[in-house]
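Here the structure is laid out as structure tokens; the discussion comes afterwards.
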Amino acid sequence: MKKLLFFAVAVLTLAACTGNKVSNAPGATMSDSLQRIVEQKENEINDIMGTLNDINEGLREISEAEGRVTLARAGEGANQKQKIMEDVKFIQERMDQNRELLDKLRKQLRESTFKGDQLKRTVENLTKQLEQKDIELQNLREELDKKDIHITELDETISNLNTDVSNLKTESEQKSATISNQDQQLNTAWYVFGTKKELKEEGILDGGRVLQGNFNKSYFTKIDIRVQKEIKLYSKKAEMRTSHPSSSYVLDKDAKGQYVLRITDPQTFWSTSKYLVIEVK
């Protein structure tokens, strides 16, 4: 059995460290919600780790019971058959408990805010262990059938486990798609540059205010902040009209003397606003 607990600790700790950043309105700051996000993730980690630990312990106990059944099959007589029946009953009970824990884990994953491939790999690793356990249980059933020890309840348990594994795979794929979409949204920003007249015509500038009225959002260019870190302004005069930390960017001139915005720290630059407005002349 793979060391699920060690793997999950590393994965979920990493997920907790990455954090989520949400910014839906121009000029919105991230600092107010950061602490709540960290606390929320810590609670989610504790809950999910507890469930994973319980599932792992259940799988370990099932493996031990299967080992006892293997030893008992080597013997003969009524006493050996009784021991097999008792261990099979124990396996059935532990499988029922694991099915309930899997339901709990699926609910925790649906309600969690984790993102990225690490969580997906954790679920896939657990799924592979359950699939392997399914194979072992089917082999055990075949061996018991040869000895005329038919356990109807065990057949039902295996069928239920197959359903649980299938459902877990489906929900994992759906959650991964949702996470991917959320990740893309979190790393999307918009920028625009133009003369004062152009920006006023689009409602982007309104007197001394920026992005306060009903401005034309389609006038902005959409970018992935992880990819685009340089914006050519094609002007010898440029002024930042939205607020961004000065330590996160530089305004340089190219060989033609025209300004180029270079974003040196994207996360910090876009932390105050996902909209960038630059006035050029």
Pop out the ³J(HN,Hα) list for segment 190-205 in order, Karplus 6.51 cos²θ - 1.76 cosθ + 1.60 with θ = phi - 60°, rounded to Hz; leave Gly and Pro as x.
9, 9, 8, 9, x, 6, 4, 5, 5, 5, 5, 4, 8, x, 6, 10
Probe 1.4 Å, all chains present, heavy atoms only: R226 accessible area in Å², nearest 10, is 110 Å²
What are the residues whose amide H is under 5 Å from the amide H of T195, where those residues sit 5 or more places off or on another chain and H is modelled from the backbone?
V280
Along segment 261-266, Karplus-curve 3J(HN,Hα) (6.51, -1.76, 1.60; θ = phi - 60°) to the nearest Hz, with x for Gly and Pro, reads 8, 10, 8, 8, 9, x
At R0 = 51 Å, how high is the FRET efficiency between S63 and Q185 if r is their beta carbon distance? Nearest 0.05 is fine.
0.75
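Find, among the chymotrypsin sites (Phe, Trp or Tyr not before Pro) in segment 231-281, those assigned to loop by DSSP (not H, G, I, E, B) with at most 13 other beta-carbon atoms within 10 angstrom.
Passing sites in segment 231-281 are Y234.
The values are calculated or read from the model by the stated rules, or taken from the named source; none is laboratory data. Since the model is a prediction, treat every value here as computed from it, not as a measurement. A quick note on method: Cβ atoms are made from the backbone with ideal geometry, for glycine too, and the neighbour counts reach across all protein chains shown. Each accessible area value is taken on the protein alone, full model and side chains, heavy atoms only, with ligands, DNA and RNA left out. Shrake-Rupley method; radii C 1.70, N 1.55, O 1.52, S 1.80 Å.
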